[in-house]
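Contents: one structure, followed by commentary.
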Amino acid sequence: MFGFILRRIGVAIPTLLLLIVASFLLMHMAPGGPFTQERALPPQVLANINAKYGLDQPVLVQLWNYLSGVIFHFDFGPSFEYPDRTVNQVIAAGFPVTLTYGLISFLFAVLVGCALGTAAAIRHNSWLDYLAVGISIGAQVLPNFVMAPILVLLFTFTLGWLPGGGWSWSDPSFWIMPVIALSTSYMASIARITRASMLEVLSSNHIRTARAKGLPERKVILRHALKPALLPVISYLGPAFVSMITGSVVIDMYFSTGGIGKSFVDSALNRDYAVMMGVTILIGALTILFSLVVDILYAWIDPKIRY
Amino acid sequence: MTKFLMTTALALSFALPSLAASVPEGTKLAEKQEYNFWLLDAIKSTDPAKNTDVEGSDVLRQLFEGLYNEDGTGAMVPGVASDYTLSDDKLTYTFKLRPEAKWSNGDPVTANDFVYGWRRVADPATASEYAWFIELMNIENATAVVKGEMTPDQLGVKAVDDHTLEVKLTTPTPYLIKTLAHTSTFPANQKVIEAEGDAWTQPGKLVGNGAYTLTGHNLGVDITLEKNDNYWDAANTVITKATGITVNDINIGLTRYQSGELDRVDIPAGQYPRLEAESPDEATSTPYACSYAYVFNISEKGPEALKDVRVRKALSLAVNRDVIVDKVLQGGQKPAWTWSHWAIEGFEAPENADQAKTQEERIEEAKALLAEAGYGPDKPLDLTIQYNTSEDHKKLAVAVQQFWKQLGVNVTLNNVEWKVHTDRLQNQDFEVARYAWCGDFNEASTFLDWFRTDGYNSGKWSNAEYDQLMADAKTAADTKPIYKRAEEILAEEAPAAFVYHYANADMIKPDVKGLPLENVMNTWYLKDMYRVAE
């Protein structure tokens with residue numbers, strides 16, 4: 001197992017490097033630069049800015065400077081779009097917000113999704129099953145950019161219960177709508193996957209054996225069915241977890257949370273190379289890390305799996 | 001400005017009182033003087049030398065104060081300066097600063113703070129995107145300093161004493177005073193900036209000389225301003241606290257206004273008539289100094305057809321401006337037959353025969369012009385309109401496609417993202433492109449300079465008479481006839497099809513007073529505002 005983890009880390013580092021180099025070069029190949037504007041800057045002004053940010057050097061030199069800054073100093077450079085801040089500061093301001101509403105959404109989606117899917121499978125073809133399937137299909141087809149304005153209209157304008165957007169660390173009422181809007185479709189997917197997989201497990205031989213030896217149904221489900229039924233869910237959860245905690249541009253846009261989901265999209269559109277690279281590296285590293293976590297969880301849950 | 005020029009060399013002083021909130025007598029003020037305003041996006045910088053956007057300027061104008069401010073009609077009123085004198089050759093301005101002006105930390109605001117601030121913008125080490133603004137002001141040695149050929153201390157700005165600022169220009173600049181309310185010209189506190197470095201713009205560290213101080217800033221969420229008791233006119237400042245709240249979606253912004261979270265918000269395109277009918281005391285529309293156009297590429301890289309003035313004229317005539325303004329935008333915008341915004345101070349539009357015609361007559365004339373140029377059913381004209389991603393630009397482009405179809409012109413629409421659009425505009429990689437320009441100050445040259453041969457001029461149109469007129473305007477005593485003639489040339493030559501002049505349609509809570517509803521620059525100052533008791 002340890003050998004496996006070491007091997008995976010050994011592969012992860014070159015993967016991340018490749019990701020950095022590829023995104024860096026692609027970004028620089030896109031037309032327009034961070035300071036391309038409607039009113040073209042006079043050449044002398046542009047020259048000063050390029051000199052300050054090192055954009056006057058050949059792309060490969062820039063790449064090397066960037067890499068060495070990241071690797072040796074953990075410095076992701078200054079932001080072009082937010083001249084008062086460094087990329088580290090931009091991410092430090094936005095990522096905790098995204099992480100908070102993402103984590104809560106994740107827990108909510110997993111708990112409700114698994115419960116809904118399991119209940120539906122156990123009461124297969126009953127009203128509970130239809131209700132659960134109905135909810136998850138409904139939640140899946142309602143995109144969050146449709147749901148977000150509806151939530152604001154309902155909870156802020158009509159009922160006046162919740163603030164219509166923004167973020168506060170001390171007041172969790174700001175967190176509720178982002179969590180609902182972000183978690184719903186994940187919850188629906190988890191419910192569907194759990195239900196399908198649970199149905200399959202429930203008809204398998206070892207469950208029949210468990211029932212045959214007279215185990216109470218509750219124990220059959222919890223001890224023998226749930227673990228194998230969760231395997232497909234877990235392979236879904238790895239990437240879902242990363243995409244939830246790294247935010248969603250839709251949630252950030254509609255609820256103005258200040259999260260990094262919007263910074264990421266903005267940085268690409270504004271050619272803010274530094275912020276774009278910083279968030280790419282963050283998401284890339286988390287993706288690699290959590291796919292490793294998923295593999296380890298797999299081995300833990302399913303003793304048949306050996307690395 | 002012209003009236004100043006006619007009285008050159010005279011010591012000029014403004015008789016107007018300072019313009020803090022002028023609450024009419026007998027007004028009952030609300031108990032809670034707080035104001036929540038809408039921001040579309042994050043405030044990217046609170047450094048006057050580094051800010052580049054309109055919302056950033058709105059915030060900076062509360063935190064700092066320049067030599068002059070604008071009043072509710074757009075006229076220049078004294079800020080830190082109390083008056084100025086202009087030398088005979090119109091090249092040296094001497095500003096008297098009010099001695100009672102203070103920084104938010106209690107230090108006096110001196111002429112040196114302006115010298116430092118302006119040098120800082122021009123200094124290559126600052127790498128300010130608005131360094132060109134110091135060049136635009138024609139301050140002596142500005143370009144050499146920006147280029148790094150001279151040191152910042154050679155910039156033509158000098159503190160004669162603590163309260164006297166001398167500014168030397170390379171050429172007479174009739175609009176100079178109008179540039180002095182711009183955020184790039186705000187003073188800077190050298191002591192604080194040198195002590196704190198890049199962190200000086202953070203809440204708690206930022207020291208400004210405006211009527212408000214920065215007390216909170218959550219990037220992309222909100223920004224909080226509170227009354228600065230050290231401001232020289234603090235006694236007349238009514239609003240105690242203001243919060244800029246970012247709502248990235250304009251429709252959600254409106255919902256949040258309606259639920260009471262915001263006191264002012266932009267009205268989404270097309271919704272003004274409905275809101276005006278529902279809440280006439282809240283829906284407002286103010287002319288805003290921006291013009292929208294379709295620019296023709298006349299450069300070598302552009303299509304042959306657009307080099308023919310008859311084709312350009314025909315295309316311009318066929319754009320049904322009334323439909324765009326009345327049916328698509330519906331927010332108080334006006335059809336444009338000139339490049340300069342109609343409400344710009346001291347601007348008088350020339351008579352335009354086309355404007356008086358009906359759209360049917362214009363289409364007839366356009367067809368005739370195209371036929372004359374050799375385009376018709378057997379030789380149809382194919383053009384591509386390029387626009388940047390936006391629902392509104394798309395609506396207009398589709399409309400123009402239909403207008404030009406009436407002439408037998410086949411239009412392909414090409415939607416590109418913003419950076420690609422600007423990149424192609426600047427490299428003349430387009431045929432017809434959507435474009436808009438917003439004035440930097442309230443004077444027509446801020447628009448007309450665009451079409452100079454060495455102006456931004458993405459279509460590379462060039463006209464010697466026009467260039468000469470714009471050069472003459474710099475020293476002319478009366479610029480009105482010059483700008484009029486320049487607009488006539490633009491109408492004859494049609495380097496672009498002007499479409500409409502902007503208006504800002506806003507929802508404003510009825511108890512909020514003091515917002516500039518007649519200022520075409522839409523420059524607002526919290527210190528002029530107050531809330532009345534309902």
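Each value in this text was obtained by applying a stated rule to the coordinates, not by laboratory testing. Bear in mind the structure is a predicted one, so any value in this text is a computation, not a measurement. Positions of Cβ are generated from backbone atoms using ideal geometry, with glycine treated the same way; all protein chains shown enter the neighbour counts.
Grouping the Cα pair distances of the stretch A:157-227 into 5 Å bins from zero gives a pair-distance distribution of 3, 14, 15, 12, 9, 9, 8, 9, 9, 6, 5, 1 percent in increasing distance order. Build a GNM of chain A with springs between Cα atoms under 10 Å apart, and of A:113, A:77, A:160 the one that fluctuates most is A:160. Per-residue extension of 0.36 nm, minus the Cα-Cα distance of residue A:196 and residue A:159, leaves a gain of 9.6 nm for this segment.
Straight-line cross-link partners of residue B:227 among the aspartates and glutamates, defined as a Cα under 12 Å from its Cα and at least 8 positions apart when in the same chain: B:34.
Binning all Cα-Cα separations of the protein assembly as shown at 10 Å, short to long from zero, yields these whole-percent fractions: 2, 11, 19, 22, 20, 13, 7, 4, 2, 0, 0.
Taken over the stretch B:128-264, the percentage of Cα pairs per 5 Å bin, counting from 0 up to the bin with the maximum distance, is 2, 8, 12, 15, 16, 15, 13, 10, 5, 3, 1, 0. Two numbers describe the Cα atoms of the stretch B:244-379: Rg and Dmax, which are 19.9, 60 Å. Counting pairs of Cα atoms in the stretch B:198-310, how many percent are more than 24 Å apart? Value for the stretch B:198-310: 56 percent of Cα pairs lie more than 24 Å apart. Compactness of the stretch A:12-153 was expressed as the Cα radius of gyration divided by 2.2 N^0.38 Å, which yields 1.64. Subtracting the Cα-Cα distance of residue A:209 and residue A:107 from their residue separation scaled by 0.36 nm leaves 33.4 nm. Evaluated with a Cβ-only charge set (Lys, Arg +1; Asp, Glu -1), the protein assembly as shown carries a dipole of roughly 4300 debye about its Cα centre, given to the nearest 20. Relative protection proxy for B:383-391, B:236-244, A:6-14, from highest mean packing down: B:236-244, B:383-391, A:6-14 (other beta-carbon atoms within 10 angstrom). Volume of the convex hull of the stretch B:93-204 (Cα atoms only), normalised per residue: 106 Å³.
If Rh is defined by the Kirkwood formula over all Cα pairs and Rg also comes from Cα, what ratio Rg/Rh do you get for the stretch A:49-129?
Details: Rg = 23.3 Å, Rh = 16.8 Å.
So for the stretch A:49-129, dividing Rg by the Kirkwood Rh gives 1.39.
Which links in B:334/B:419; B:50/B:205; B:168/B:474; B:178/B:509; B:90/B:474 stretch past 19 Å when you go from one Cα to the other?
Numbers: B:334/B:419 28 Å; B:50/B:205 17 Å; B:168/B:474 16 Å; B:178/B:509 30 Å; B:90/B:474 11 Å.
Checking Cα-Cα distances, B:334/B:419; B:178/B:509 exceed 19 Å.
A DSSP coil position with no more than 15 other Cβ atoms inside 10 Å describes the following trypsin sites (Lys or Arg not before Pro) in the stretch B:269-335: B:301.
Paramagnetic label reach from residue B:326 (point 7 Å along Cα→Cβ; backbone nitrogen cut-off under 13 Å): within the stretch B:348-375, residues B:358-360.
Calculate the translational D of the stretch B:355-460 in whole µm² s⁻¹ from Stokes-Einstein, where the hydrodynamic radius comes from the Kirkwood formula applied to all Cα pairs, the temperature is 4 °C and the viscosity 1.567 mPa s. D, rounded to a whole number, is 82 µm²/s.
What is the dipole size for chain A, taken about its Cα centre, with +1 at each Lys and Arg Cβ and -1 at each Asp and Glu Cβ, in debye to the nearest 20? Walk me through the numbers on the way to the answer.
Numbers: 19 positive and 14 negative charges, 310 e Å.
The dipole of chain A has a size of about 1500 debye.
State log₁₀ I(q)/I(0) for the stretch B:467-534 at q = 0.12, 0.23 Å⁻¹ as given by the Debye formula over alpha-carbon point scatterers of equal weight, solvent excluded. Rounded to two decimals, the profile gives -0.60, -1.02.
By the rule of a C-alpha distance below 16 Å, with chain neighbours fewer than 8 residues away ignored, the lysines paired with residue B:480 are B:3. Pairwise alpha-carbon distances in the stretch A:140-195 exceed 14 Å for 57% of all pairs. What the Kirkwood sum gives for the stretch B:400-534 is a hydrodynamic radius of 18.4 Å, with every pair of different alpha carbons counted. As a ratio to 2.2 N^0.38 Å, the alpha-carbon radius of gyration computed for the stretch B:71-134 takes the value 1.34.
For chain A, a Gaussian network of Cα nodes joined below 10 Å ranks A:30, A:225, A:120 by mean-square fluctuation, and the top entry is A:30. Where only DSSP H runs of four or more residues are counted, chain B gives -7500 deg cm²/dmol as its mean residue ellipticity at 222 nm, each run worth -39500 (n - 2.57).
Using every pair of separate Cα atoms, the Kirkwood estimate puts the hydrodynamic radius of chain A at 22.2 angstrom.
What's the whole-number percent of alpha carbon pairs in the stretch A:98-244 lying beyond 27 angstrom? Walk me through the numbers on the way to the answer.
Details: 3458 of 10731 pairs.
Value for the stretch A:98-244 (Cα pairs over 27 Å): 32 percent.
One quarter of the convex hull surface built on the alpha carbon atoms of chain B amounts to 24.8 nm², the projected area averaged over directions. So, in Å, what gap is there between the alpha-carbon centers of the stretch B:58-83 and the stretch B:23-57? With the stretch B:58-83 and the stretch B:23-57 each reduced to a Cα centre, they are spaced 14 Å.
Taking the longest Cα principal axis of chain A as reference, the axis of helix A:43-53 is set at about 50 degrees. Other residues with beta-carbon under 15 Å from the beta-carbon of residue B:94 carry, at +1 per Lys or Arg and -1 per Asp or Glu, a net charge of -2.
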